[in-house]
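One structure is given below, encoded as structure tokens.
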Amino acid sequence: MTVPSSDQGRLSTLLGSETYWTARAMREQGSRFYRALGEALEAADLGNRRRIYEGWTDELWDFYERGLRLEAEEGSPGEG
């Protein structure tokens, strides 16, 4: 995966991605705040998702990357 260097590139990637894995990564970590933000992200329509992503681009990018790892782990052959 190529990491976009600019906030605008990251924002475009975030907006084009499925929110499930990012929101799940947020819900699975220890902070009540980020768990709630993950729930809000998953429930948000596109306009509100954009607002969340714009306001928290760096933080959401970190959770996006964690979500990609979660997705890869769950899709690993030989599990289950």
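For the reader, a short list of remarks on this structure follows.
- The chain: angle of helix 7-16 to the longest principal axis, Cα-based, in degrees nearest 10: 60
- Tilt relative to the chain, helix 19-28 - C-alpha long axis, 0 to 90 degrees, to 10: 70
- Pairwise FRET efficiency - Ser6 versus Glu28, Cβ, R0 = 25 Å, nearest 0.05: 0.35
- Carbon + sulfur, % of accessible area of the chain - ligands and nucleic acids excluded, 1.4 Å: 46
- Extents of the chain, largest first, come to 38, 30, 21 Å (Cα atoms, principal axes, whole angstrom).
- Listed peptides 29-36, 64-71 by packing density, highest first (mean Cβ within 10 Å): 64-71, 29-36
- CD proxy at 222 nm, helix term only [per DSSP H run n ≥ 4: -39500 (n - 2.57); per residue of the chain; nearest 500]: -23500 deg cm²/dmol
- Accessible surface area normalised per residue over the chain is 62 Å², counting heavy atoms of protein chains with a 1.4 Å rolling probe.
The values are calculated or read from the model by the stated rules, or taken from the named source; none is laboratory data. Small disclaimer: the values here were computed from a predicted structure and weren't measured. All Cβ positions, glycine included, derive from the backbone under ideal geometry; neighbour counts span all protein chains shown. Side chains are part of the model used for accessible areas, which takes the heavy atoms of the whole protein and leaves out ligands, DNA and RNA. Shrake-Rupley method; radii C 1.70, N 1.55, O 1.52, S 1.80 Å.
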